[in-house]
Every structure is written in C-alpha cells, then in structure tokens.
Amino acid sequence: MVIDCSPCINHDSIASFLRDYHDLMTETRRKLLQRAMALVTDESRTPSWVWKDAQITVHGPLMKVVFFSGDRANKFVVFLENEEFPVVKPEEKGWPLLIHDGCMAARGWVVPLATLAGLRLFYR
C-alpha cells in the first residue's frame, strides 16, 4: 500500500493509517508503525524539513506500507531486526540531509577538541 502524505510525512499521517486499518493491526505491525511515528517526531535525530521530500517503507509480517511526500530524496526502511525489535535503516539520503549529517558529525569531534584547546564554540 502506498500513502501520499504531501506536503510532508508526519505523525498524523501514520497515526491516521493506524486508525483506518485498526482491525488489521497485530501487535507487531503496530510496533513497526509506532517506530515510524517516532522517527518523524524525533527532531534531535532528523530535522523536520527532511520529511518534505521523503519515503518511509514499513515492512512487517504480511505488510508493506510506503509513506511518501515530495520527490522522495530521503528514504528510510522500518523492519524487524528480530521478532520483537523494530529497526530504522536509512536507504538513501538527499544532498541537504547528507550535508546536515556531515556537519553534525564534524561538530561531534570539533567541539571536544576546541574545548580541550580552551576555546568555547557552539553554545547550546
């Protein structure tokens, strides 16, 4: 099943799917969709602008649902690593997300080095 969530994928689009297909939801399917909802609401990991041009594919037992918006430049897959634990794997990242992730990674090692050198950078 493919769901167009334009203008962006958000918590409400996935929650709406959960409500509409409530009778078909097993505990495992519900966990997978809840993990997808957590993915789109956790801005500390992925900024909200990512979901304007994104695709999330949720794979579960006898279920495949694709939520998308925009040009689908940022692709993620939600699946079960074992019988209990849903996992998110980035499949493809657009240029803005690649640059964002690179800057966040650089910040992770620049700030501690600058702090050791006695500099104060990147106040939060």
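All of the numbers you see were taken from the coordinates with simple rules; none came from a lab. These numbers come from a predicted model, not from an experiment.
Side notes on the structure shown:
- Rounded to the nearest whole Hz, the Karplus-based 3J(HN,Hα) values (6.51 cos²θ - 1.76 cosθ + 1.60, θ = phi - 60°) of region 10-26 follow the sequence 8, 4, 5, 5, 6, 4, 5, 4, 4, 5, 5, 10, 3, 5, 9, 7, 8, with x at glycine and proline.
- Lys pairs, region 1-94 - Cα-Cα below 18 angstrom, 8 or more residues apart or on other chains: 8
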